[in-house]
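Chemist: Got a structure here, written out as structure tokens. Questions coming.
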Amino acid sequence: MRFINVPLDKLVVNPKNDRHGTLGSENDAIAWLFEHEGPKMLVLAQDIAEQGQIYDPPLIRVQKNKNVVFDGNRRVTCLKILAGLIQPPKDYEKKLRPLIEKRKISATQPISCQIETSSTIVDEIVSRRHNGTDKGRGQLQWDTRAKGNHANRVGATNQYPIAEAVENHLIEVGYPHARKVGRSTIYRLINAKKRQKKIGIALNEDGALKFLRDKKSVTDALIKIADDIVDKKLSLKHLLDSKGVEGYMQKLADAGLTSDDTPSAEPTSPQTPLPSAKGPKKPPSRETLIPDTDYEIHWRQSQGKIEQAWKELQWNLKFRRNEIAIPIVFRVLLELSLDFAISKRSSPKNSALSSKAKHVAKLFRDEGKIDNKALGDIERLCGDSKSPREIEALNRVVHSPNFTMAKEDLIALWNSTEKLIVLAITSTPRD
């Protein structure tokens, strides 16, 4: 195994890549990649532009004095586009052009490559990388537990924190199959706060499990859920929609394992009632942008980043300590949600965020999902009157050295765009 630096313009995207079989030329191979893997190519290009490099060296072999890529063709294609060596495909030019102008990768930038002279060795390497686990010969993909361990180690966001907390509790009480319980299944069942309350659990800020009722009763419920998962009586296929989730929760209720009452787990002693204060009680102060409400969103596999932004805004980012982060992540959530809706429909002529919002709102009006009044409300948010309660304000937070948004303005903008965002995430054309 040897590594060398090869100028980017001396690398050739393989027209005989196993992804597509033999094609006529490098350009044909690139066209195939965008025709069949276009959205993923765009995401890869965005990641390379953001990182300024690739982390996995391409595998090459010299053929007829050319450095032909045998593994890493997608990476090399994106690098060549960002360097201006390849014209972006017409369907993706608008989205790739800003990346090209921003990144400015040199056409002769040296790329670290693994070079092999034997075609047999190349074939064996490619086989192990792309033929799945191959009974252990190939690369083993991380399960949700491994992904959570990695996220915790590097300080990233763990996508299944409540499921990890449940697993840790099961280990603590001596449940023998705790590490066999699928975290993704546990998470699908109890990701909503209302279902957590019925079981009697919540997640503390430090990631530990909090008990909302008698600990033994909660543990009995969690062990029943774990047993059903281990025994294959409960899996993701049973929880694909709200009907399946609520059906299983009803079985737990029928068995006396859940409760709509969630008194504190700590015993309290009788106290003399305090005299009532004058005037109405103030509502509890809102700590996060997205309120503690179950929106019944069933996340799709392609919505990983949208889901992560949503969870950050609903559970992790607090107004009292994340003044700058909240509007930035809010902007990311809004744009990715609109892009998801647009990907299933027609695209707007203008790629500005406010233009996307108006475009998607009009599509929803035409599909009967919102009325003209709701459309008008969204259109009023899309002006540029320097109001802190317009969509453009989210852009100013990013680009202005001084501008910030007050908590009240952020909540008002969320309340105005909430329905649009939820529809963009959950709906399909004419559903």
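The values are calculated or read from the model by the stated rules, or taken from the named source; none is laboratory data. Please read all numbers here as calculations on a predicted model, not as lab measurements. Don't worry about glycine lacking a Cβ; one is built from the backbone with ideal geometry, like all the others, and counts go over all protein chains shown.
Chemist: Return yes or no: is Lys16 assigned to a helix (DSSP H, G or I) and either under 18 Å from Gln63 (Cα atoms) or within 31 Å of the chain's Cα centre (by Cα) (or both)? Steps first, please.
Modeler: Values: assigned to a helix (DSSP H, G or I): no; either under 18 Å from Gln63 (Cα atoms) or within 31 Å of the chain's Cα centre (by Cα) (or both): yes.
The answer is no for Lys16.
Chemist: Here is a list of conditions, (1) farther than 24 Å from Lys318 by Cα; (2) part of a helix (DSSP H, G or I), and Leu394 meets all of them except one; can you say which number that is?
Modeler: (1)
Chemist: Another question about this same structure. How many residues does the stretch 361-404 contain that are under 19 Å from Pro98 (Cβ atoms) and surrounded by fewer than 17 Cβ atoms within 10 Å (Cβ to Cβ)?
Modeler: Qualifying residue count for the region: 2.
Chemist: For the stretch 82-105, give me the residue count where each residue is surrounded by fewer than 13 Cβ atoms within 10 Å (Cβ to Cβ) and part of a loop (DSSP other than H, G, I, E, B).
Modeler: Result for the stretch 82-105: 2.
Chemist: I'd like to check something: does the stretch 40-47 contain any residue that is assigned to a loop (DSSP other than H, G, I, E, B) and either buried (at least 18 other Cβ atoms within 10 Å of the Cβ) or at pLDDT 90 or above (or both)?
Modeler: Start the filter on the stretch 40-47 by keeping residues that are assigned to a loop (DSSP other than H, G, I, E, B), which leaves none.
No, the stretch 40-47 contains no residue that is assigned to a loop (DSSP other than H, G, I, E, B) and either buried (at least 18 other Cβ atoms within 10 Å of the Cβ) or at pLDDT 90 or above (or both).
Chemist: Mind telling me which of the residues Lys349, Lys358 ends up being free of Cβ contacts under 8 Å to residues at least 24 places away in the same chain and either surrounded by 19 or more Cβ atoms within 10 Å (Cβ to Cβ) or more than 22 Å from the chain's Cα centre (by Cα) (or both)?
Modeler: Details: Lys358 fails: free of Cβ contacts under 8 Å to residues at least 24 places away in the same chain.
Criteria check complete, one pass: Lys349.
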